[in-house]
1. Run down L188, L179 and say which single residue is among the aliphatic types (A, V, I, L, M), open to solvent by less than 80 Å² (accessible area, probe 1.4 Å), touching a helix residue (DSSP H, G or I) at 6+ places or on another chain (Cβ under 7 Å) and in contact (Cβ under 8 Å) with a residue 12 or more places away in the chain.
2. In the range 49-66, which residue that is surrounded by 14 or more Cβ atoms within 10 Å (Cβ to Cβ) and not aliphatic (A, V, I, L, M) is farthest from L185 (Cα to Cα)?
3. Among helices (runs of 4 or more DSSP H) lying entirely in the range 87-205, which contain 1 or more residues that are of a type in the set (A, V, I, L, M, F, W, C) and closer than 24 Å to T25 by Cα?
4. Look through N46, N30, N98 and report the one residue that is loosely packed, with under 12 Cβ neighbours inside 10 Å and not charged (D, E, K, R).
5. Against the conditions (1) of a type outside the set (D, E); (2) part of a helix (DSSP H, G or I); (3) in contact with an Asp or Glu (Cβ under 9 Å, 6 or more places away or on another chain), where does L45 fall short? Just the number, please.
6. Here's a check for you: in the range 191-205, which residue that is of a type in the set (A, V, I, L, M, F, W, C) and surrounded by fewer than 17 Cβ atoms within 10 Å (Cβ to Cβ) is modelled with the lowest pLDDT?
7. Look at V117 and say whether it is open to solvent by 10 Å² or more (accessible area, probe 1.4 Å), more than 15 Å from the chain's Cα centre (by Cα) and without any contact (Cβ under 8 Å) to a residue 40 or more places away in the chain.
8. Kindly provide the set of residues from the range 156-176 that are open to solvent by 70 Å² or more (accessible area, probe 1.4 Å) and within 19 Å of the chain's Cα centre (by Cα), ordered by number.
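The values are calculated or read from the model by the stated rules, or taken from the named source; none is laboratory data. Remember, predicted model here, so these are calculated numbers, not experimental data. We place every Cβ from the backbone using ideal geometry, glycine too, and count neighbours over all the protein chains shown. Ligands, DNA and RNA are stripped out before the accessible areas are found, and what is left, the full protein with its side chains, is counted by its heavy atoms. Shrake-Rupley method; radii C 1.70, N 1.55, O 1.52, S 1.80 Å.
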Amino acid sequence: MAIDVTPDTVDLAHAHIPDTAVGGTTILLNGTSSSGKTSIARELLNVLDGTWFHMPVDAFHAMRSKREIADKDLQAEIDRTIKGFHRAVAGMAATGNNLVVDYPLSRRWRLLDLLDVLVPENTVLVGVRCPLAELERREVERGDRQRGLAALQYHEVHSHELHDLDVDTSVHSPRECALQIRDGLPGLPRPTAFETLRRTMRKPA
């Protein structure tokens, strides 16, 4: 049976779309697999003032059904997920949410796409550094990562060179790195790395 919804029966308070702030800050932790991005992200949520969301790309891959994907279709599946992830991050930030995103810029198009969808002046790009030998040791120790993945990503993730902040997880603990990032936020130079990269990498054709 259809329910008759008229202006007299609608709760107008519940029909009003809430006003939200704009311009949430996105802290983008860029580093290879096993570099310590996720551990830093978790510590940042404990040390940053206000409310922050941790949005890891791995969580989006984990939402996918467990049906096997043919090898010939796998890259397209990953790329489609990644593009959706970018837009989910942008959507959360656009409504005023503060985000910590751990995500490797392991293919150049990922950075180019993010330069288009994120607000560059509200994006803090953090380079999460770690020597390759230590990354490879961690891969073996963890046992839950594809062997050789860090080496494949190593030269690509930081190939654009410019970051707002850099931390080294071979020297500092995740909490120490998180504190370095927190303490560096007030004094970030302008323009931001994303503002500069958008200008230099996304020039009109």
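1. Working: L188 fails: touching a helix residue (DSSP H, G or I) at 6+ places or on another chain (Cβ under 7 Å).
The unique qualifying residue is L179.
2. Pass one, the range 49-66, residues surrounded by 14 or more Cβ atoms within 10 Å (Cβ to Cβ): 52-57, 60.
The next check asks that each one be not aliphatic (A, V, I, L, M); those that pass are 52-54, 56, 60.
Details: W52: 14, F53: 17, H54: 17, P56: 21, F60: 27 Å.
Filtering the range 49-66 for residues that are surrounded by 14 or more Cβ atoms within 10 Å (Cβ to Cβ) and not aliphatic (A, V, I, L, M), the one farthest from L185 (Cα to Cα) comes out as F60.
3. Values: elements: 108-117, 132-142, 149-157, 174-184, 193-201.
Fully inside the range 87-205 and qualifying: 108-117, 149-157, 174-184, 193-201.
4. Working: N30 fails: loosely packed, with under 12 Cβ neighbours inside 10 Å; N98 fails: loosely packed, with under 12 Cβ neighbours inside 10 Å.
Selected residue: N46, the only one of N46, N30, N98 that is loosely packed, with under 12 Cβ neighbours inside 10 Å and not charged (D, E, K, R).
5. For L45, the failing item is (3).
6. Step one: list which residues in the range 191-205 are of a type in the set (A, V, I, L, M, F, W, C), which gives 193-194, 197, 201, 205.
Now drop any that are not surrounded by fewer than 17 Cβ atoms within 10 Å (Cβ to Cβ), which leaves 201, 205.
Working: M201: 92, A205: 50.
The residue in question is A205.
7. Numbers: open to solvent by 10 Å² or more (accessible area, probe 1.4 Å): yes; more than 15 Å from the chain's Cα centre (by Cα): no; without any contact (Cβ under 8 Å) to a residue 40 or more places away in the chain: yes.
Judged against the criteria, V117 is not a match.
8. Step one: of the range 156-176, the residues open to solvent by 70 Å² or more (accessible area, probe 1.4 Å) are 161, 166, 171, 175-176.
Scanning the range 156-176 gives E161, D166, R175.
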